[in-house]
Every structure is written in structure tokens, then in C-alpha cells.
Amino acid sequence: MLFISVLSQKQSLSRQQLDESAQRRARWKYPPGMKVLAEYWLQGSPQVITIIEAEHIGPVLQSTYAWADVFDIRVHPAVTAEDGLRTLQAVGIIKRRGRRPKSLRTMPPPPPSSAAS
């Protein structure tokens, strides 16, 4: 599964707390069970966006709690554009609204969702 984490610094942090959090980040390692595909540091808010791949949300929650004192954190499940298009094709959205894009004509259907029971 893909997850997108959006981190915004808490407004109440002092300059010293911000400096200490930067030093902490330099030493910090992501927990096992998650693969960080990208981490971006932005000017303005949010300050950090990470793109994470994990089998389940556990390691993502672990990393979220590790930084909850410094950041307000939002985590969103995500799919790639290709998987999203495949899913729209599988449920008939693209077909109902007209001709399918060439890139989808030969795509296999998405794998069954593990969340469905």
C-alpha cells in the first residue's frame, strides 16, 4: 500500500525546539516494515511530504507517533495514477463515459482488494 504523509510544524515550537528537531531528524531512521519512496522538505506549510510503501499501516503509525510532538501529521492512503485508472476501468467508470484511453485498453484488471470481505 502507498501512503502519503503531510507534516506541518506545530506553531507553538520555539527556535530551540526547531533546532533540536532538525538534529533529531539527522539521527532518526524510519521503522522497519516501510519503504520511503520520497521525502520532500518544502518552504512554507506543510514542511514535509513523504511517500511511503508499507504492507500495513503499523509502521506508518509508529513513525507518526515518533514526530507528533513536532508536527501536525496527516496520513492518506494513495494509489498510483495507473492503479487508479485500472480501478476506474474495472468498476466501469471510464467505459460508461466514453471510449477508453489507449493506455487502458491492454491493461489487466487490478488485483482484488484485500479489504473486501
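Only the coordinates and a few stated rules stand behind these numbers; no lab work does. Here the structure is a predicted model, which means the values were calculated and not measured. No Cβ is skipped: glycine too gets one built from the backbone with ideal geometry, and neighbour counts run over all protein chains shown.
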Residue among Arg74, Arg27 that is charged (D, E, K, R) and surrounded by 12 or more Cβ atoms within 10 Å (Cβ to Cβ): Arg74
Which numbered condition in (1) in contact with a Ser or Thr (Cβ under 9 Å, 6 or more places away or on another chain); (2) without any contact (Cβ under 8 Å) to a residue 40 or more places away in the chain is the only one that Ser8 fails? (2)
